[in-house]
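Everything on this sheet refers to the single structure shown next.
The values are calculated or read from the model by the stated rules, or taken from the named source; none is laboratory data. Computed from a predicted structure; not experimentally measured. Here the Cβ is made from the backbone with ideal geometry for all residues, glycine too, and neighbour counts use every protein chain on show. Heavy atoms of the whole protein, side chains included, go into the accessibility calculation; ligands, DNA and RNA do not. Shrake-Rupley method; radii C 1.70, N 1.55, O 1.52, S 1.80 Å.
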Amino acid sequence: MTNSTHPASVVVVGSGQGGYQTAASLRENGYRGRVTLISAEDALPYERPPLSKAYLTGRADQAQLWLRPATYYVRQSIDLVGGTVTEIDRAARTVRLADGSSYEYGHLVLATGARPRTLDVPGAGLRGVHTLRTAQDATELRTALATARRAVVVGAGFIGLEFASVARSVAPEPGGSTARGSGRTAVRQAGRSTAREPGHSGCEVTVVEALDRPLARAVSAPTADHFTRLHRAEGTRFLFGQGVAALHGDGRGRVASVELTDGRRLPADLVLVGVGVTPRTELAAAAGLPVRGGITVDSRLLTGDPHISAIGDCAAFPQVRSGNLRRLESVQNAVGHARLVAERITGSTTRAYNELPWFWSDQFSTKLQITGVDDEGHDTEVVLGDENSEAFSVLLFRGADLLAVESVNRPADHLAARQLLARGIKVTPDDAAAPGFTLKGHLTHPAPGRRHHTPGAGRTVIPCRSSNADVTPSPDTSPPSNDPS
Amino acid sequence: MPKITYVAVDGTERTIDVALGTSVMRGAVFNDIDGIVAQCGGHAQCATCHVYVDETNLDQVEPARPDEDDMLGFTACPRRPNSRLSCQLKVTSDMDGLIVHLPERQY
Ligand SMILES: Cc1cc2nc3c(=O)[nH]c(=O)nc-3n(C[C@H](O)[C@H](O)[C@H](O)COP(=O)(O)OP(=O)(O)OC[C@H]3O[C@@H](n4cnc5c(N)ncnc54)[C@H](O)[C@@H]3O)c2cc1C
Ligand code: FES
């Protein structure tokens, strides 16, 4: 399939979920030029979701996180290069690495991801203070967790809460479990046994959050409230409306306590900082490419330079509905971007990126699934099921349009919502509030123009309780999720 | 370890010893077998690990649970009665000799 219009070589900076998928999809699409995947991490491409879930609980080695075994890259002629790219020379079309080597590109894909934000307070560098982004971070954290007695989590975003759920669940000496898929069960069972035998739980967990609820930028109030209740029931303490003023050591360089903005001190031998991420835009910025809360790309994921694309966590791209530039942080987004770019490079598409976002998070035995994006701010919430129960969905509307659906332990709702949103089948707040409404039912029998129902008949309809409209898009502060930036 | 055979669309077969407790999906991915994408890493979220269980082996696998059943509505190739998500097929000793057929595409 290689023809003269295809670039002779593709260099990908970053071999995370997006970088790996770009290389894999290029080969799947028949691209025969040289593919170089450059990574600052000393590891085969691996997946991150288990890092805050099953991987933390078990003894699984890093190989179980790998997206593909080493033989795959050899067989597919994908060159894996270890090193940090320090400079893009757009005129010469080369990238330079820290060790002085350089690579020529016909097309360059920036898949540099994001780095965790750290606390800008005294003591932030003490031992025992962790962030969680890489396999290395997770390995260190699980070693620390095996002996920790008191953990303080700073920031109630997805990473903080997933970590909290593992920390409450895991017995001090964790049993072996596997990383992906099967390991989830281990977390869940551990969670249950913790609930039954409180004395057996791994450690005491306090979550400190500046806002008044968890996941505030990522989910609606009913969903956030559910997770507050869930974590409290499992013995986690929340301190809302609190910031961290300082971290104090034990005199030997290890963290011993966390000082809050109200002056209180929480004893801690492990601190996880989960206050969101910063996209890694520095290479692009230094090369003079536009950067606005992420590497700015158009709807085809091209930067200002026709030879350079940016994808995944680092890329601010126009949202399908609103046109707003924003980043999303999810596996689906990185993979979807990668595939589009690979198709474009091999000439099989010129289409704009328009994949429907979806995301999941596992905490204790609860599965949260989100589809769509609430980036414009919703004005109506309709809850299907009882929001005080273990299973419900929240539909977020702006005017008559469905923006996003959050499902708590309702996978069938999530999947139906994905179909509805992907196919553009109209659902109004009135439809959703009608007695007997189900997303699955609406998929097979949509009710267009059914506007005469009284909202509230049989359903909870919450007008504009917590619109996200006032959340200024500043991706640098976004919690790790597909939440509004 | 149970032996599982993966049959590609072109008829190529590979038989692998897959460890108990992992999944049919992981057996393929770890052994570098093409045709299973497994985008979500085994969370029953993506339907890119679709396989057809050989008709002769259907009694060797547990029936799909509701969330897998729903997700099977999302496969890129047609869903058939023997369609499964390989990430949800946990490898047990009963699976020795299992044959799965890979679909033409996963997305
Ligand atoms: C703990 C954790 C749990 C998560 N859980 C979920 C989940 O449940 N569901 C979900 O959908 N998503 C989840 N995510 C998010 C998901 O993993 C990310 O959105 C995804 O990894 C983004 O892929 P990416 O390729 O854009 O970036 P990354 O995967 O971050 O990869 C970027 C890579 O680029 C490298 N790099 C950066 N700059 C350079 C340079 N100059 N030179 C060389 N290499 C460089 C980095 O070292 C890194 O390896 C989670 C993330 C984390 C951290
Ligand atoms: S790997 Fe995603 S559904 Fe099986």
*Please go through region A:307-360 and pick out each residue that is among the polar types (S, T, N, Q) and away from ligand 1 (no atom under 14 Å from the Cβ).*
A:Gln319, A:Ser322, A:Asn324, A:Thr346, A:Ser348, A:Thr349, A:Thr350, A:Asn354
*Give the residues of region B:10-37 that are within 11 Å of chain A (Cβ to nearest Cβ) and within 13 Å of B:Leu89 (Cα to Cα), sorted by residue number.*
B:Ala19, B:Leu20, B:Gly21, B:Thr22, B:Ser23, B:Val24, B:Met25, B:Arg26, B:Ala28
_Given the options A:Leu108, A:Leu80, A:Leu119, name the one that is in contact with a His (Cβ under 7 Å, 6 or more places away or on another chain) and either among the hydrophobic types (A, V, I, L, M, F, W, C) or within 14 Å of chain B (Cβ to nearest Cβ) (or both)._
A:Leu108
_Residue among A:Arg27, A:Arg48 that is within 14 Å of chain B (Cβ to nearest Cβ), within 16 Å of ligand 2 (Cβ to nearest atom), touching a residue at least 40 places away in the same chain (Cβ under 8 Å) and of a type in the set (D, E, K, R)_ = A:Arg48
*Scan region A:102-141 for residues that are small (Gly, Ala, Ser), farther than 30 Å from A:Thr261 by Cβ and open to solvent by less than 40 Å² (accessible area, probe 1.4 Å) and jot them down.*
A:Gly106, A:Ala111, A:Gly113, A:Ala135
*How many residues are surrounded by fewer than 21 Cβ atoms within 10 Å (Cβ to Cβ) and either touching a residue at least 40 places away in the same chain (Cβ under 8 Å) or within 14 Å of chain A (Cβ to nearest Cβ) (or both) when one looks only at region B:75-88?*
2
*asked:* So B:Val91 passes all but one of these: (1) of a type in the set (A, V, I, L, M, F, W, C); (2) over 27 Å from A:Asn409 (Cβ atoms); (3) at the interface with another protein chain (Cβ under 10 Å from one of its Cβ atoms). Which condition number does it fail?
replied: (2)
*So A:Trp66 clears everything in (1) within 14 Å of ligand 1 (Cβ to nearest atom); (2) away from chain B (no Cβ under 14 Å); (3) without any contact (Cβ under 8 Å) to a residue 24 or more places away in the chain except one condition, right? Which one?*
(2)
*Residue check for A:Ala316: in contact with a strand residue (DSSP E or B) (Cβ under 8 Å, 6 or more places away or on another chain), closer than 27 Å to A:Val219 by Cβ, open to solvent by less than 40 Å² (accessible area, probe 1.4 Å) and outside the structural domain of A:Arg133 (by TED's automatic domain parsing)*: yes
*Please specify each residue of region A:285-336 satisfying the condition of being part of a loop (DSSP other than H, G, I, E, B) and within 16 Å of ligand 2 (Cβ to nearest atom).*
A:Ser330
*Take B:Val7 and decide whether it is in contact with a Lys or Arg (Cβ under 6 Å, 6 or more places away or on another chain), more than 9 Å from ligand 2 (Cβ to nearest atom), more than 14 Å from every other protein chain (Cβ to nearest Cβ) and not charged (D, E, K, R).*
no
